[in-house]
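Asks: Here you go, one structure.
The values are calculated or read from the model by the stated rules, or taken from the named source; none is laboratory data. Since we're looking at a predicted model, the values are computed, not measured. Every residue, glycine among them, receives a Cβ derived from its backbone with ideal geometry; neighbour counts consider all protein chains shown.
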Amino acid sequence: MKSKLFTILAIGTMLMLPIVAFGQTVQPYDPNQDIAASEGVGKVTGLSGTYGLVTTLVGYLVALFWILTVVFFILAAIQYLTAQGDPEKAKKAKKMVTYGIIAVVVALFSTAIRALVLNALAGV
């Protein structure tokens, strides 16, 4: 049981690492820059800053949702393959696939809602 949990956590961590790595921004160090001059760095100062913030956050959430959906399908497939003819386990795996399909539909709708919200924020 512990090794199965460890395997799931290890795979999940490997799938999440690119999101964390690509989500970081690095500003180059400039020793000649006055600290007081960089006062507004990182603050949302208007609608364009809010738009960028919402775009970034929603993009990461949608990506995370798709990754979790794929992981859910993989776990359902593993459970179905390891059912070994047990009808209860096979039924549970089929339910997981059904829930995975529902998750795909929700993900598609969330992508459409994201586009609508971002268009409303952009004034398009």
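Asks: Return only the number of the condition from (1) surrounded by 14 or more Cβ atoms within 10 Å (Cβ to Cβ); (2) farther than 15 Å from TRP66 by Cα that ALA103 does not satisfy.
Replies: (2)
Asks: Residues of the stretch 83-124 being in a loop (DSSP other than H, G, I, E, B) and either within 21 Å of GLY52 (Cα to Cα) or touching a helix residue (DSSP H, G or I) at 6+ places or on another chain (Cβ under 6 Å) (or both), which ones?
Replies: ALA83, GLY123, VAL124
Asks: For TYR80, indicate whether it is modelled with pLDDT under 70 and either in a helix (DSSP H, G or I) or farther than 30 Å from LEU9 by Cβ (or both).
Replies: Taking the combined requirement at face value, the residue does not satisfy it.
Asks: May I pose another question? Which number in (1) surrounded by 14 or more Cβ atoms within 10 Å (Cβ to Cβ); (2) within 30 Å of ASN119 (Cα to Cα) marks the one condition that LEU53 misses?
Replies: (1)
Asks: Continuing with the same structure: State all residues of the stretch 52-69 that are free of Cβ contacts under 8 Å to residues at least 40 places away in the same chain and of a type in the set (Val, Ile, Thr); if no residue qualifies, say none.
Replies: Answer for the stretch 52-69, where residues must be free of Cβ contacts under 8 Å to residues at least 40 places away in the same chain and of a type in the set (Val, Ile, Thr): THR56, THR69.
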